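Participant: The structure is given below, and queries will be raised subsequently.
Just so it is clear, none of the values below were taken in a lab; they were calculated from the coordinates. Quick caveat, the model's predicted, so the values are computed rather than measured. Glycine gets a Cβ as well: all are built from the backbone with ideal geometry, and neighbour counts include every protein chain shown.
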Amino acid sequence: MSQPDRVMQTEIARTDNEVNTNDTVRRAVAALQAGEVVALPTETVYGLGADALDPEAVEKIYAAKERPHFDPLIIHVPHKNSLYEVAEVPAEISKTVTQLVETFWPGALTLVLPRKPIIPDIVTGGLSTVAVRQVNHPIFHRIVKNFGGPIAAPSANLFGLLSPTSCQAVEDQLDGRIPLIVDGGACGQGLESTILKIEPGENKPVIRVLRPGPVTEVELKKFGKVVFADKNADVEESAPEAPGMLANHYAPRETPLRLLERPEDFSPEEGKTYALLSYRGQPKDGFVDLYDWDEVSVLSPGSGRVAEAGIRFFHVMRQLDMLDVDEIIAEPVPDRGVGKAILDKLRKAAVK
C-alpha cells in the first residue's frame, strides 16, 4: 500500500505530567468541539474520535481512515446513564443490559442496541442500531467527560489494517491525515472491545457475540446463553451489524499473513523468506523447529497465556510487518477466552 499524501500537520499532545495532561485534555476537547478528529488512547486500542452528534465531524473519521460508510462506528459515552440518551433499551432485555453495564462498564464491552433519533445515520452505517461503550482509560475519561457528549471512535488506523496500541502506531498510519494525537502511552489490553447484542430467549437471554474481545464467554455466560456470530458468514455484500465483522480486516500493511492449523500444512516456496508468529514458542507445538525462520516472534513465551497473547498481539504483528520477509506464518492459538478474539483477527488478517 502506498504512503498517504500529507495534507496537514499532525501534532502529538503529551500526558507525561499533570501540566501536560491538563493542557492536552483542553486541546483535545477544543478540537472535538470545533468538529475535528482526534486520536485518543483507550485501554483496548487507540481510537479516532469525533463528535458523534455532528455528521460533518464524523465524516472526517471515514475520510482519514478511508473507511467505507456502511461499516458502523462505536460511540463512547461519558457516563453509564448516558447509554439511555443515545440508545433505546427494550423492556425484555433491560435487566440484562443493566447487569452488563454495572459489571463491565467502564471497560472493554460494547453493546449493540436500537438507536435513538439523536444519532446520525453516518455513525450507524444506516442501521437501526448503535454500538455503545464506556471506556476505562483515565485520559479518555477526562476528555469525554469534559466534552460532555458521545464521541464516535473506531480504531485510529487506516481501514482494514492493524489496530494501533501506541501513539507511534497511530502516527505511522495517520500522520498528515489528522490534526492531533493524544499520547496516553501503550494500551493496557491490546485488543478491541467485545461487541455483543442481547436478544430475548425462552429461559434466559441470548447474548450474541458479534466480535470477540477481552470480555470472554466465561465472564458473560452468567448473564445469559452465549452464542457467537458465524465466523464463516459472508458480510461483505451487506452492512455488518458491528465494527470488525468484515471477512478481511486487521491485516499487516506490507507483509501477507497465513494462518496454519497444523505444522504439516506448511510448504515453503524456494527463494521466499518467512517469519513465524508463535503462540508460546514451544518446539513441541511443531512450528518453531519446522523451518529455519528469518524471525520468530512469540505472543506468550513459555507456558502460554491467552490474556498475555492478546495484550501483545497487535504490537508483535506490527514488528513482524516491518521485517523484510515475504510472508508471516501464524500458529493457531487456543480457541478459548481471549484466544477467540486473537483467532478471529488472524482469520480476518490472513490472505484468502
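Participant: Could the peptides 261-274, 179-192 be put in order, highest first, of the mean number of other beta-carbon atoms found within 10 Å of their residues?
Facilitator: In decreasing order of mean packing, 261-274, 179-192 become 179-192, 261-274.
Participant: Moving on. Under the definition of Cα pairs under 8 Å and six or more residues apart, what whole-number percent is the relative contact order of the range 257-349? Each step should come with its number before you reach the end.
Facilitator: Details: 144 pairs, mean separation 34.4, N = 93.
Averaging sequence separation for qualifying contacts and normalising by length gives 37 percent for the range 257-349.
Participant: From the cross-link list 95/197; 95/222; 95/221; 116/145; 65/197; 60/145, which pairs have alpha carbons spaced over 18 Å apart?
Facilitator: Correct reply: 116/145; 65/197; 60/145.
Participant: If packing is taken as the mean number of other Cβ atoms within 10 Å per residue, what is the order of 58-65, 78-85, highest first? List each step's numbers first, then the result.
Facilitator: Details: 58-65: 20.4, 78-85: 16.1.
Top to bottom by mean Cβ count within 10 Å: 58-65, 78-85.
Participant: Checking the cross-link filter: which aspartates and glutamates have an alpha carbon closer than 13 Å to that of residue 284, excluding same-chain neighbours under 8 positions apart?
Facilitator: Within the straight-line limit of under 13 Å, residue 284 reaches these aspartates and glutamates: 331.
Participant: Counting other C-beta atoms within 10 Å, and keeping those with at most 16, which DSSP coil chymotrypsin sites (Phe, Trp or Tyr not before Pro) do you find in the range 287-326? List each step's numbers first, then the result.
Facilitator: Working: sites: 287, 291, 293, 313, 314; in loops: 287, 291, 293.
Sites meeting the loop and neighbour criteria: 291.
Participant: Another question about this same structure. State the dimensionless ratio Rg/Rh of the chain (Rg: radius of gyration of Cα atoms; Rh: Kirkwood radius).
Facilitator: Computed over Cα atoms, the ratio is 0.97.
Participant: Restricting the calculation to Cα positions, tell me the Rg (one decimal) and the Dmax (whole number) of the range 257-349 in Å.
Facilitator: 12.2, 38
Participant: I would also like to ask the following. Counting other C-beta atoms within 10 Å, and keeping those with at most 12, which DSSP coil trypsin sites (Lys or Arg not before Pro) do you find in the range 6-35?
Facilitator: Sites meeting the loop and neighbour criteria: 6.
Participant: In nm, what is the difference between 0.36 nm times the number of residues separating residue 221 and residue 17 and their Cα-Cα distance?
Facilitator: 69.4 nm
Participant: Got a sec? How would 8, 245 order by Cβ neighbour count within 10 Å, fewest to most?
Facilitator: Ascending Cβ contact count within 10 Å gives the list 8, 245.
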